[in-house]
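K.L.:
I'd like to ask you about the structure that follows.
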């Protein structure tokens, strides 16, 4: 995160109101490490203490900023990632087969990452970009993106509004638990992928035959396996 902004959040919220909330959350969701969750909590506490802001407006601004920012991040990942990964990915070990594996796994479980990532700091910054890079189907992404944004903004916004100054002490551990849970899930997914790498690589190759730049943009359903392109 950018720590210098934390001390300025109350002034930003007091001066710019809903625009500050939506803007900071949107920029964080695009991949810029800004304190989106902190501005939501700060604005909700401010709304409860001063009544200068409506708590529903705070929640709506945060959720809207999250959705807009995530969609921009998704677009950036989809367009820039398509150009950079096939050309430069091998320099960091991302061969065609591993890029295909990433797409295959993300398309199978991307909805969970997008939704739960809204509650985990480092995933909140990267989830949308990763969804774009890994060719998650946009309509699928938007569904989980909106659900996650509304759930996150409502939980932290309403909680901060009613808890007031206690929110930082109560919701802080929630964020820590979320970060730990997210780390465990990522580690478990990495372990599973490593253990079943040969099989998964074969399935990914069947789903995306040929060079990665020529591979079909296939989006599986949540319950059916990907099928090879004929």
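K.L.:
Under a crude label model (7 Å from the Cα following the beta-carbon direction), how far is residue 138 from residue 14 in nanometres?
P.N.:
4.2 nm
K.L.:
Mind running the shape call on segment 16-162? Use the C-alpha gyration tensor, a ≥ b ≥ c as the square roots of the eigenvalues: rounded below 1.5 for a/c, prolate if a/b tops b/c, oblate otherwise. Please report the intermediate quantities before stating the final value.
P.N.:
Details: a/c = 2.98, a/b = 2.39, b/c = 1.25.
Judged from the Cα gyration tensor, segment 16-162 comes out prolate (a/c at least 1.5, a/b above b/c).
K.L.:
What's the exposure ranking of 135, 140, going from fewest to most Cβ atoms within 10 Å?
P.N.:
Values: 135 24, 140 18.
Neighbour counts put them in this order, fewest first: 140, 135.
K.L.:
Suppose R0 equals 30 Å; then what is the FRET efficiency for residue 97 and residue 147 from their Cβ-Cβ distance, rounded to the nearest 0.05? All intermediate terms of the calculation are to be shown ahead of the outcome.
P.N.:
Working: r = 32 Å, r/R0 = 1.08.
Efficiency for this residue pair is about 0.40.
K.L.:
Please arrange 97, 139 by counting, for each residue, the other beta carbons lying within 10 Å of its beta carbon, fewest first. Could the numbers behind the result be given before it?
P.N.:
Values: 97 15, 139 8.
In increasing order of surrounding Cβ atoms, one gets 139, 97.
FYI, it's all coordinate maths here, none of it is from the lab. Keep in mind it's a predicted model, so treat the numbers as computed, not measured. Virtual Cβ from ideal backbone geometry, glycine too; neighbours counted across all protein chains shown.
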